[in-house]
Amino acid sequence: MTELIRSNDIVLIGFARSLLEEAGVPLFVADEHMSALEGSIGAFGRRLLVPDDHARQARRILADAGLSAELRDER
């Protein structure tokens, strides 16, 4: 899995998720339920992950939507 975005901003994660789901890109949002355990203070960032073989397509979709600055560095 490739981590594309890590953020405490649930709106950003939701927007990115909707873009990728619309394009049919499989994804997983890790640490999504940690906010219930932490009291919703934003201590743990959510991580948007996609399978490695979809990472290039997902990066392009998110960059085209203006989210380039939010993308994690490629590894």
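The values are calculated or read from the model by the stated rules, or taken from the named source; none is laboratory data. From a predicted model like this one, the values you see are computed outputs, not experimental measurements. SASA here: full protein model, heavy atoms, side chains in, ligands and nucleic acids out. Shrake-Rupley method; radii C 1.70, N 1.55, O 1.52, S 1.80 Å.
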**Asked** What part of the accessible area of the chain, given as a whole %, is carbon or sulfur when the probe is 1.4 angstrom?
**Response** 49 percent
**Contour minus Cα-Cα distance for residue 1 and residue 32 (0.36 nm per residue)** = 9.5 nm
**Prompt:** Computed from the mean reciprocal separation of all distinct C-alpha pairs, what Kirkwood hydrodynamic radius does the chain have, in Å?
**Reply:** 12.4 Å
**Item:** Gained length - residue 74 relative to residue 53, 0.36 nm times residue gap less alpha-carbon distance
**Value:** 6.2 nm
**Message:** If each residue of separation counts as 0.36 nm, what is the full-extension length gain between residue 65 and residue 21 once their alpha-carbon separation is subtracted?
**Reply:** 14.5 nm
**Request:** Kindly report the accessible area of the chain per residue (heavy atoms of protein chains, probe 1.4 Å, no ligands, DNA or RNA), in Å².
**Result:** 63 Å²
**Item:** Backbone HN-Hα couplings from phi across region 68-74 [Karplus 6.51/-1.76/1.60, Hz, Gly and Pro as x]
**Value:** 3, 5, 8, 6, 6, 4, 6
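In deg cm²/dmol and to the nearest 500, what is the mean residue ellipticity at 222 nm of the chain if only DSSP H runs of at least 4 residues count, each as -39500 (n - 2.57), divided by the residue total?
-10500 deg cm²/dmol
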**Fill in**
So the angle from the long Cα axis of helix 55-64 to the longest Cα principal axis of the chain, reported in degrees to the nearest 10, equals 80 degrees
**Karplus-derived HN-Hα couplings along region 17-26 (A = 6.51, B = -1.76, C = 1.60, θ = phi - 60°), whole Hz, x at Gly and Pro** = 4, 5, 4, 6, 4, 4, 7, x, 7, x
